[in-house]
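**Student:** One structure, pasted below without further comment.
The values are calculated or read from the model by the stated rules, or taken from the named source; none is laboratory data. Owing to the predicted nature of the structure, the values given are computational and were not obtained by experimental measurement. Reconstructed Cβ throughout: ideal geometry from the backbone, glycine too, with neighbour counts over all protein chains shown. Heads up: the accessible areas ignore ligands, DNA and RNA and are worked out on the full protein's heavy atoms, side chains in. Shrake-Rupley method; radii C 1.70, N 1.55, O 1.52, S 1.80 Å.
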Amino acid sequence: RLQHDHATACVARFEKAATCENLTVRTAVVDAIHGSRAADREALAKLPAISPQDLDALRKLDGQLRQAQSALAAISAGVELISSDQPILLDGMPLVAGESRVIAEVAELTLGTGTRLRIHPGGGTSLAESRQRVEVSRDKLTRKFDQLTVRDLEEASGMVARRQVLDQQIATTEAKLLALGAKE
């Protein structure tokens, strides 16, 4: 009976040693996973807090700025003198053959001594109004960049992608911890 009890105790000891070894290995794995998750969380905390919705808002503001800039460019008119046997003045400045100028405001074109033309650039929209739209759009976009602490749309897009990767890594790490039965 003593030999049987001794043998049972030895088997139990070997089983407990194996269990202890298994738990030691699992503890090391859990510690490594905790370290990985902590590093991912730290990296995520260092990134600007930009969401996909913020990126969409930035893209919308950028589109509005481009549209306003295009409208401003469309309002401007251009004048190019091909040839003339008379002196031509644009707002009192001589215009020479081959020269072209952009007219962004009301300008007066004088042909010789007796002909004066007034040029109104644009298609009904005032130039000042278009310039103001460009400035307002640029200001909104700049403030949004400052708020999100990024330089431009490309950087913001990269930050959103990086945040999504880190969020996914953290979720995967937490799933591994859950599967191992680890507590926070």
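**Student:** Can you say whether S36 is in contact (Cβ under 8 Å) with a residue 24 or more places away in the chain, closer than 20 Å to E174 by Cβ and of a type in the set (S, T, N, Q), as far as the supplied structure shows?
**Tutor:** Judged against the criteria, S36 is a match.
**Student:** In this structure, is E129 charged (D, E, K, R) and open to solvent by 80 Å² or more (accessible area, probe 1.4 Å)? Before you say what the answer is, go through the steps one by one.
**Tutor:** On the way: charged (D, E, K, R): yes; open to solvent by 80 Å² or more (accessible area, probe 1.4 Å): yes.
Taking the combined requirement at face value, the residue satisfies it.
**Student:** Between residues in segment 22-33 that are in contact (Cβ under 8 Å) with a residue 12 or more places away in the chain and residues that are surrounded by 11 or more Cβ atoms within 10 Å (Cβ to Cβ) and aliphatic (A, V, I, L, M), which pairs lie under 7 Å by C-beta distance while being six or more apart or on different chains?
**Tutor:** Once the first residue is in contact (Cβ under 8 Å) with a residue 12 or more places away in the chain and sits in segment 22-33, its partners that are surrounded by 11 or more Cβ atoms within 10 Å (Cβ to Cβ) and aliphatic (A, V, I, L, M) give R26/L180; V29/L180; V30/L177; V30/L180; V30/A182; I33/L177.
**Student:** Kindly indicate whether S126 is in contact with a helix residue (DSSP H, G or I) (Cβ under 8 Å, 6 or more places away or on another chain) and of a type in the set (S, T, N, Q).
**Tutor:** The answer is no for S126.
**Student:** Okay, next question. Considering segment 128-172 alone, what residues qualify as being among the hydroxyl-bearing types (S, T, Y), under 14 Å from the mean Cα position of the chain (by Cα) and at pLDDT 95 or above?
**Tutor:** Of everything in segment 128-172, those that are among the hydroxyl-bearing types (S, T, Y), under 14 Å from the mean Cα position of the chain (by Cα) and at pLDDT 95 or above turn out to be T142, S157.
**Student:** Sticking with this one: Are any residues in segment 45-54 in a helix (DSSP H, G or I) and either open to solvent by 40 Å² or more (accessible area, probe 1.4 Å) or over 16 Å from R143 (Cβ atoms) (or both), and if so, which ones?
**Tutor:** Those that are in a helix (DSSP H, G or I) and either open to solvent by 40 Å² or more (accessible area, probe 1.4 Å) or over 16 Å from R143 (Cβ atoms) (or both): A45, K46, P52, Q53.
**Student:** Within segment 17-36, identify whether any single residue is closer than 26 Å to A161 by Cβ, among the β-branched types (V, I, T) and either in a helix (DSSP H, G or I) or in contact with a helix residue (DSSP H, G or I) (Cβ under 7 Å, 6 or more places away or on another chain) (or both), and answer yes or no.
**Tutor:** yes
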